[in-house]
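Single-structure report; data block below.
The values are calculated or read from the model by the stated rules, or taken from the named source; none is laboratory data. This structure is a prediction, so every number in the text was calculated from the model and none was measured. Virtual Cβ from ideal backbone geometry, glycine too; neighbours counted across all protein chains shown. Calculation scope for accessible area: heavy atoms of the full protein, side chains included, ligands and nucleic acids excluded. Shrake-Rupley method; radii C 1.70, N 1.55, O 1.52, S 1.80 Å.
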Amino acid sequence: MDKKAVDYSLYLVTDRELLGNKDLAATVEEAIKGGATLVQIREKNVSTLEFFELALVVKHITGKYKVPFIINDRIDIALAIDADGVHIGQEDMPLAVARKLLGPTKIIGVSASTLEEAVKAQDEGADYLGVGAVFPTRTKSDADHVSLAAFRRIKEGVSVPVVAIGGIEKNNIQHVMEAGADGAAVVSAIIASADPYQAACNLRHIIKK
């Protein structure tokens, strides 16, 4: 995969607790059909075996549509299924170690909530940054808040792509794009929607504007 060609604009992050009675794989597929350009699977409270099996199912869907597939946090799972990359937080494995394990061709994204964290991650070789939470979010209770002004400063202070995350939905996604985001990471706006395809279409339409 050409890492420089990755489209971060509508970045779907999964959360099975928000699915209701929907199927994860079917929801991801509908989101991709609606315009999701990249998918990250995030599973905090499952066994390694269950995460591995879920990741394989989702990878089958993303592979069908040639959409990059990122694993949150679990480098072992990413290696086991040959995912396109990982996303790591400030408390996860050091970026240099992750890069050594995954090699130069895989995507590594890093969470940052300050300019200092963002610059450090870029200097250590992050391919993109996930910056937030730009709005209050239910899906990550420990997320630091990053104002849109602070987000803009981070965006201006680095050269790698910067994806906004945290409470983003159709009523506020325009604000993060206007603040210079290369993409918006969304969870509940698509995963919790009764119609993930239409939800993704609506967000994609605003991003393209």
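This table checks each residue for (1) free of Cβ contacts under 8 Å to residues at least 24 places away in the same chain; (2) small (Gly, Ala, Ser); (3) touching a Phe, Trp or Tyr at 6+ places or on another chain (Cβ under 7 Å).
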{"site": "GLN122", "(1), (2), (3)": "no, no, no"}
{"site": "VAL134", "(1), (2), (3)": "no, no, yes"}
{"site": "LYS155", "(1), (2), (3)": "no, no, no"}
{"site": "ALA179", "(1), (2), (3)": "no, yes, yes"}
{"site": "ALA184", "(1), (2), (3)": "no, yes, yes"}
List pairs: first in the stretch 7-36 and within 11 Å of PRO196 (Cβ to Cβ), second surrounded by fewer than 17 Cβ atoms within 10 Å (Cβ to Cβ) and hydroxyl-bearing (Ser, Thr, Tyr), Cβ under 7 Å, 6+ apart or cross-chain?
-> ILE32/TYR65
Inside the stretch 137-181, the number of residues satisfying the requirement of being more than 18 Å from ALA199 (Cβ to Cβ), polar (S, T, N, Q) and at pLDDT below 95 is 1
Out of the residues in the stretch 103-148 that are among the basic types (Lys, Arg) and within 19 Å of ALA189 (Cα to Cα), which is surrounded by the fewest Cβ atoms within 10 Å (Cβ to Cβ)?
-> ARG138
Could you list, in sequence order, all residues of the stretch 50-106 that are in contact (Cβ under 8 Å) with a residue 40 or more places away in the chain and of a type in the set (Val, Ile, Thr)?
-> VAL58, THR105
In the stretch 15-38, what residues are touching a Lys or Arg at 6+ places or on another chain (Cβ under 9 Å) and surrounded by 23 or more Cβ atoms within 10 Å (Cβ to Cβ)?
-> ILE32, ALA36
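Closer than 12 Å to ILE207 by Cβ and either touching a Pro at 6+ places or on another chain (Cβ under 6 Å) or surrounded by 18 or more Cβ atoms within 10 Å (Cβ to Cβ) (or both): does that describe ALA179?
Values: closer than 12 Å to ILE207 by Cβ: no; either touching a Pro at 6+ places or on another chain (Cβ under 6 Å) or surrounded by 18 or more Cβ atoms within 10 Å (Cβ to Cβ) (or both): yes.
It is false that ALA179 is closer than 12 Å to ILE207 by Cβ and either touching a Pro at 6+ places or on another chain (Cβ under 6 Å) or surrounded by 18 or more Cβ atoms within 10 Å (Cβ to Cβ) (or both).
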Could you please find all residues in the stretch 2-22 being closer than 17 Å to GLY34 by Cβ, assigned to a loop (DSSP other than H, G, I, E, B) and of a type in the set (A, V, I, L, M, F, W, C)?
-> LEU19
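Consider the stretch 73-97. How many of its residues are open to solvent by 30 Å² or more (accessible area, probe 1.4 Å) and either modelled with pLDDT under 95 or at negative phi (or both)?
12
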Quick one: which strands (runs of 3 or more DSSP E) lie wholly within the stretch 65-117 and hold at least 1 residues that are more than 24 Å from LYS33 (Cα to Cα) and under 12 Å from the mean Cα position of the chain (by Cα)?
-> 85-88, 107-112
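Going by what's in this entry, would SER188 be described as under 16 Å from the mean Cα position of the chain (by Cα), surrounded by fewer than 19 Cβ atoms within 10 Å (Cβ to Cβ) and in contact (Cβ under 8 Å) with a residue 12 or more places away in the chain?
So SER188 fits the description; yes.
Evaluate the following for LYS100: is it among the basic types (Lys, Arg) and exposed (fewer than 13 other Cβ atoms within 10 Å of the Cβ)?
Numbers: among the basic types (Lys, Arg): yes; exposed (fewer than 13 other Cβ atoms within 10 Å of the Cβ): yes.
It is true that LYS100 is among the basic types (Lys, Arg) and exposed (fewer than 13 other Cβ atoms within 10 Å of the Cβ).
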